[in-house]
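Novice: This is the structure I have questions about; it appears just below.
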Amino acid sequence: MTLIGTPAEAQAPRDAQALGRTPIRYTLTFPAPHTHYVEVAASIPTRGRSEIELMMAVWTPGSYLVREYERNVEALNASADGRPIAVTKSEKNRWKVMTGGAQSIDLRYRVYGREMSVRTNWIEAGFALLNGAPTFITLADALDAPHEVTLVPATGWMRSLTSLAEAGGPHHYTAPDFDTLVDSPIVLGNPAVYEFTVGGKRHYLVNTGEAGVFDGARAAKDLEAVVQENLRLWGSLPYEKYLFLNMITEAGGGLEHKNSTVLMTSRWTTRTRRTYLSWLDTASHELFHAWNVKRLRPVELGPFDYEKENETRSLWIAEGVTEYYGALNLHRAGVSSREEFLDTLSSNIEELQTTPGRLVQSAEQASFDAWIKYYRPDENSANTSISYYTKGAVLGFLLDARIRKATSGAKGLDDVMRLAYQRYAGTRGYSPSDFRAATEEVAGVTLKSFWETAVEGTDELDYADALDTFGLRFRASTASSRPWLGITTRNDAGRLLISQVRRDSPGMKAGLNVDDEILAIDDFRVRADRLDDRLQQYRAGDKVTMLVARREQLMRLEVTLDREGGRSWRLELAPGAGSQQTQQLNRWLKP
């Protein structure tokens, strides 16, 4: 998450400034990639100090969980002038090296990489994905030092691709500081590469694993349209080149970087409209981060402390508003239809409104607690928390509507993002009050009540004004006749186990617990794959007796079945919407 003008120097002591201009040089080799290892040799300057301390990041920007990357490091040793020197692990992610006064030391270590995610390393015979945080050990007190990387691809690998600056030779790259190194993932292998130019800037779709199935040419064409839409919205592209590193590995996810993104998907993604739009939505989301988060950032997210949590109350803006724009820009670019965009927005609203935790955790608190909650969900998470992605996207929609209504359609959330970018992108960052002030300045009205209830509070959201502004309504839902227990179950080797119990549901009221094994209803055995079929034999309001086993003890619980809720949060055009509403809708969706 390197930023324009990020004051990385603030992280290093003054005496490291001279040292900071001497490069730390890495050489990465893959002698046996099928074993999932990369071998790292580093030349580290010492400035003649008798002792230096090395550090490895424990988390990666954009993914807010301490992941302890140092656990995959092994065989670490050091030498100076060809002789071994002492290395002592001083903390979980730090090493002290006794240099003997040498001007530089040679460090060697191996990193195991076999975790298929956008935030970790994966190395196999055919290719490698390397992220900076789980790969590079650096000087703890000189994060501002230049870093150079030379790659020695495995036999048969022809290409390496990264947003790092090229350094005059094949597979040789430079970074001005550790922030940039961490923020520039690397792909090696034989990917298919599709290049296009927008605004005079080069863009690359890098597909690893197409297998003749994933339609790369189509994907590149649609990504080009999305980049064009972002250029229109922001007014400029803040990079010289941008890479969509698309790992077609039957996994999922996306992670933003300053000048690139790592995506993961299935080779079958382009075969159906639903899966293809979902992938494009993710790519659009990550591209929007090139402005929102990577350069326009919460003040707490830079300079980074790579060794502890960096809490902020603004992830609902950084991630949630980006989630809103991911789908919106896809539609504005002409890639998705109006109905498809409204369906995506409806899904966010429905997810939020059917999550009991919306009445417990605010958007700001969800942002702050990301490090301990979002990436560590448990069976009770839906009852106690909400996703700052989901609620942030919904808040983006509501804010956009409020601004457009207050300004008679003259301005919208686009204007807020541009104003905030102009004022806070780069070294400063914004506080929660800064972003609110920018929003109110654009709207020309106070948003105090909205902020207190919708952003800082846990009140139910009011959609009436937004629906009225755009001439929308929630589609009338057909009442379901399906009986409802309010539980989620899993099949554990033929055992029907409860995996979640929703707050205020019939199951919770009756005393059902997570990990209870459901054996029978009204003394008739229930097979692990037949619970839904059995419930269809009853009606809402029926009282049933459930036989469960809890830690091997049998017990009977009386449950009164309720009615399963219909889909009540699907947006559609309201019949008879007026010309002013239609005008607002069109300005919103096709500015």
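Novice: Quick one: what are the phi-derived ³J(HN,Hα) couplings along the stretch 569-585, Karplus 6.51/-1.76/1.60 with θ = phi - 60°, whole Hz, x for glycine and proline?
Specialist: 10, 9, 7, 8, 5, 7, x, x, 4, x, 5, 5, 5, 5, 5, 4, 4
Novice: Turning to a different aspect of this structure: When Lys and Arg each count +1 and Asp and Glu each count -1, what net charge do the other residues less than 12 Å away from A133, Cβ to Cβ, add up to? It would help to have the intermediate numbers written out before the result.
Specialist: Details: positive: R67, R119; negative: E68, E70, D179, D183, E307.
Taking every Cβ under 12 Å from that of A133, the sum is -3.
Novice: Counting Lys +1, Arg +1, Asp -1, Glu -1, what net charge surrounds H36 among other residues with beta carbon under 11 Å of its beta carbon? Mind showing how you got there, number by number?
Specialist: Working: positive: R110, R114; negative: E115, E124.
Once all neighbours under 11 Å are counted, the net charge is 0.
Novice: Which whole-number percent gives the relative contact order of the stretch 352-492, counting Cα pairs below 8 Å spaced six or more residues apart?
Specialist: Values: 119 pairs, mean separation 38.7, N = 141.
Answer for the stretch 352-492 is 27 percent.
Novice: From Cα coordinates alone, what are the radius of gyration and Dmax values for the stretch 298-411 in angstrom?
Specialist: For the stretch 298-411, the Cα-based Rg and Dmax read 15.6, 48 Å.
Novice: L352: net charge of surrounding residues, Cβ under 9 Å, Lys/Arg +1, Asp/Glu -1, itself excluded? Spell out each step's value before the answer.
Specialist: Working: positive: R358, K391; negative: E350, E351.
With Lys, Arg at +1 and Asp, Glu at -1, the net is 0.
Novice: Using Cα pairs closer than 8 Å and at least 6 residues apart in sequence, work out the relative contact order for the chain, in percent. Mind dumping the intermediate values first?
Specialist: Working: 1270 pairs, mean separation 64.3, N = 591.
Relative contact order of the chain: 11 percent.
Novice: From the cross-link list K241/K294; K294/K590; K92/K308; K509/K543, which pairs have alpha carbons spaced over 18 Å apart?
Specialist: Details: K241/K294 15 Å; K294/K590 26 Å; K92/K308 12 Å; K509/K543 13 Å.
Pairs exceeding the cut-off: K294/K590.
Novice: Moving on to the next point. What is the log10 of I(q)/I(0) for the stretch 454-530, computed with the Debye formula using one identical point scatterer on each Cα and no solvent, at q = 0.18 Å⁻¹?
Specialist: -0.86
Novice: Translational D (Stokes-Einstein, µm²/s) of the stretch 433-591 at 10 °C and 1.306 mPa s when Rh comes from the Kirkwood sum over C-alpha pairs?
Specialist: On the way: Rh = 19.7 Å.
Result for D is 81 µm²/s.
Novice: Using a Förster distance of 35 Å, how high is the FRET efficiency between K221 and A251, based on the Cβ-Cβ distance and rounded to 0.05? Each step should come with its number before you reach the end.
Specialist: Working: r = 24 Å, r/R0 = 0.69.
My answer for the efficiency is 0.90.
Novice: Across bins of 5 angstrom width beginning at 0, how are the C-alpha pair distances of the stretch 431-486 distributed, in whole percent?
Specialist: 4, 13, 15, 17, 16, 11, 9, 5, 6, 3
Novice: Can you tell me the FRET efficiency between R159 and E558 if r is taken as the Cβ-Cβ distance and R0 is 45 Å, rounded to the nearest 0.05? Write down the numbers at each step before the final one.
Specialist: Working: r = 65 Å, r/R0 = 1.44.
Computed FRET efficiency for R159 and E558: 0.10.
Novice: What is the stretch 413-507's relative contact order, in percent, from Cα pairs under 8 angstrom and six or more apart in sequence? Mind dumping the intermediate values first?
Specialist: Details: 49 pairs, mean separation 13.4, N = 95.
Normalised by residue count, the contact order of the stretch 413-507 is 14 percent.
Novice: For the stretch 512-558 and the stretch 169-243, compute the distance between their C-alpha centroids and round to whole Å.
Specialist: Spelled out, the Cα-based centre of one part sits 52 Å from the other.
Novice: Give the distance, in whole Å, between the Cα centre of the stretch 449-474 and the Cα centre of the stretch 334-413.
Specialist: If you average the Cα positions of each part, the centres end up 11 Å apart.
Novice: On each of the three principal axes of the Cα atoms of the stretch 178-317, give max minus min coordinate, whole Å, ordered largest first.
Specialist: Taking the Cα atoms of the stretch 178-317, the three principal extents are 44, 33, 28 Å.
Novice: Taking the Cβ-Cβ separation of W268 and S50 as r and a Förster radius of 51 Å, what is the calculated FRET efficiency to the nearest 0.05?
Specialist: Values: r = 58 Å, r/R0 = 1.14.
My answer for the efficiency is 0.30.
Novice: If each residue of separation counts as 0.36 nm, what is the full-extension length gain between A167 and A476 once their alpha-carbon separation is subtracted? Walk me through the intermediate numbers first.
Specialist: Values: separation 309, 0.36 × 309 = 111.24 nm, distance 6.06 nm.
Extra length from A167 to A476 when fully extended: 105.2 nm.
Novice: To the nearest 500 deg cm²/dmol, what mean residue ellipticity at 222 nm is calculated for the chain from DSSP H runs of n ≥ 4 alone, each contributing -39,500 (n - 2.57), summed and divided by the residues?
Specialist: Numbers: 14 runs with 148 residues, N = 591.
When only DSSP H runs of four or more count, the value is -7500 deg cm²/dmol.
Novice: Moving on. Which entry in (1) 217; (2) 171; (3) 143 matches volume of the Cα convex hull per residue in Å³ derived from the coordinates of this structure?
Specialist: After the calculation, the listed value that fits is (2).
Novice: I'd like the Karplus ³J(HN,Hα) series for the stretch 535-540: coefficients 6.51, -1.76, 1.60, θ = phi - 60°, whole numbers in Hz, and an x wherever there's a Gly or Pro.
Specialist: For the stretch 535-540, the Karplus curve yields 5, 5, 7, 10, 10, 4 Hz.
Novice: Leaving out same-chain residues fewer than 8 places away, which lysines sit with a Cα under 22 Å from that of K448?
Specialist: Within the straight-line limit of under 22 Å, K448 reaches these lysines: K391, K405, K411.
Novice: Stretched out fully, how many nm does the piece from R525 to A574 gain, at 0.36 nm a residue minus the Cα gap?
Specialist: Values: separation 49, 0.36 × 49 = 17.64 nm, distance 4.79 nm.
This chain segment gains 12.8 nm when fully extended.
Novice: Next up: Which stretch or stretches of the stretch 462-506 have amide N atoms under 17 Å from the point lying 7 Å from L359's Cα along the Cα→Cβ direction?
Specialist: Answer for this model: 462-463, 486-487, 501-506.
No value in this document is a laboratory result; all are computed from the given coordinates. Keep in mind that what you see is a predicted model, and the values were worked out from it rather than measured. Here Cβ is always computed from backbone atoms with ideal geometry, including for glycine, and neighbour counts include all displayed protein chains.
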